[in-house]
């Protein structure tokens, strides 16, 4: 039993080091994104919208809801599978004939970055043009120099 545990440990560490880090990293990111689909409800909103537009407005809230719930649960299950198996190849998206590889949004919505100090420029945070830190000796860095 102990030999099998040591063998599996060595095998898993070797697979991590021989696989490179881009593949497992991408697979783990896809898995986390897909797992939180049940919270984000992108498939649900898109299915309700698409069913109401292309089939019938009365079917949008019934058939579209069931179709969206089905897609959301499938995407969440695939996400859990991708998180559990992220160090193991293949690293490409799975079940792409049923679900799109990228998270979906309704056609009436375009995702944007949130307004946060991580993404906003210095002028949104209140820095005027000029010296960024004039109180430090030797600091002649200007924010808006061209």
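The values are calculated or read from the model by the stated rules, or taken from the named source; none is laboratory data. The shown structure was predicted, so the numbers you read here are calculated from the model rather than taken from an experiment. Cβ placement follows ideal geometry from the backbone for every residue including glycine, while neighbour counts extend to all protein chains displayed.
Entry remark, the range 84-98: residues being surrounded by 15 or more Cβ atoms within 10 Å (Cβ to Cβ) and outside any loop (DSSP other than H, G, I, E, B) number 0 in total. Applying a threshold of 6 Å to beta carbon distances and a minimum spacing of six or more residues, or different chains, the list of pairs starting in the range 36-63 at a residue that is on the phi < 0 side of the Ramachandran plot and ending at one that is outside any helix (DSSP H, G or I) reads 42/103; 42/104; 42/105; 43/104; 45/106; 46/104; 46/106; 49/106. Here residue 58 passes the criteria (1) modelled with pLDDT of 90 or more; (2) farther than 16 Å from residue 95 by Cβ; (3) surrounded by fewer than 17 Cβ atoms within 10 Å (Cβ to Cβ) except the one numbered (1). Looking at residue 13, is it modelled with pLDDT under 90 and surrounded by fewer than 18 Cβ atoms within 10 Å (Cβ to Cβ)? When the stated conditions are applied, residue 13 passes them.
Could you list, in sequence order, the residues of the range 32-55 that are surrounded by fewer than 18 Cβ atoms within 10 Å (Cβ to Cβ) and farther than 26 Å from residue 82 by Cα? Listed by number, the residues that qualify are 50, 52, 53, 54, 55.
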